[in-house]
Amino acid sequence: MPLSQPTDSSIPPSLPRLKTFAHLIRLSNQTGTLLLLFPTLWSLVLASKGWPSATLLLIFVAGSFIMRSAGVIMNDLADRSFDGQVERTRHRPLVSGQLRPKQALGLLVLLLLGATGLLWFLNPLTWALAPVALVLAALYPFCKRFLHIPQLILGVAFGWGGVMAWAAERNELETGTWLLFAATVCWAIVYDTIYAIQDKEDDLKIGVKSSAILFGSYTWLGVGLAACFMLLFLSLAGEVSHLGAGYFLGLLLISILIGYQVVLLRSEITSQQALRLFKQHCWVGALVLIGILLGVH
């Protein structure tokens, strides 16, 4: 007799639920985690002159994953009345009914408890800075309702991870801290404006705000100016930290890459092109990190 084929009833009920939770935190797409992680690594490596401890590296890698996962849950809870009206987001678990809000809240609490646990391994200055990160993460999802450049708050939230990383390494905040922070804010305006192009038409219908809508046909100029300020702040960070030529070579490569993106943005681009340009910013973060490593040695 042939072996019977497995049926749906043979699949543990926990597996579909786990897959839904994985979808909720975008487990299969970690671009956002990398964009949050890179500024913390810039700060750790620069503050330690190229030799951060393995413990701090592990804490901030884990913390970036946890806080990005928590952030997207906060975003989905705040935006579930909007997401169903946007083509790109209408299949998210909270909108489609695969998860209830209280289930998402339960996972959010677990993630925040995990992030709190990581703080116990850090110094008191980093503890004092941590509540700001939570407030920023909770505030950002609502900014698109009243702020024409919500990407600014995203940049502040992502940059704060770098501030905490510097504090964890040096137990003080210095000029280099704030220069990297300012660069991160400008960088977020660059890549998240490009990302927002995907939803521009839907956002206009719904009435939510974004820098892609604000800049309109001058999106290329807004992105270009933000990139110039990003590169200026990164250059100043290199100067005050006495980094070598390898660092500034990395900034030159970044200017070429973003310059190419700005040229493309002078014409209408598709959602798929916008997503591709957005993902290229992982290379920007990596180039800054490699440049810092080369510059301190």
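Readers should treat all values here as calculations from the given coordinates under stated rules, not as data from a laboratory. Note that the coordinates shown come from a computational prediction; the quantities given were computed from them, not determined experimentally. Quick reminder, even Gly has a Cβ in these numbers, built from the backbone with ideal geometry, and neighbours come from all protein chains shown.
Data overview
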| item | result |
| --- | --- |
| Per residue convex hull volume, Cα atoms of the chain, in Å³ | 163 |
| GNM flexibility winner over the chain from I206, I197, I25 (Cα, springs under 10 Å) | I206 |
| Sum of -39500 (n - 2.57) over DSSP H runs of 4+, divided by residues of the chain (222 nm, nearest 500) | -25000 deg cm²/dmol |
| Highest-fluctuation residue, N123, N29, N171 considered, GNM on the chain with Cα pairs under 10 Å | N29 |
| Top of A212, A226, A54 by mean-square fluctuation, Gaussian network on the chain, Cα under 10 Å | A54 |
| Order of T55, T31, T40 - criterion: other Cβ atoms within 10 Å of each residue's Cβ, fewest first | T55, T31, T40 |
| Cut-off 14 Å between beta-carbons: net charge of the residues surrounding D203, Lys and Arg +1, Asp and Glu -1 | 0 |
| Alpha-carbon spread of the stretch 89-152, three principal axes, descending order, Å | 42, 31, 14 |
| Environment charge of P52, counting only residues whose C-beta is closer than 13 Å and scoring Lys/Arg +1, Asp/Glu -1 | +1 |
| Relative contact order for the chain, counting Cα pairs under 8 Å that sit 6 or more residues apart, in percent | 22 |
| Where N is the number of residues in the stretch 185-248, Cα Rg divided by 2.2 N^0.38 Å | 1.43 |
| Separation of alpha-carbon centers, the stretch 36-103 and the stretch 152-174, rounded to whole Å | 16 |
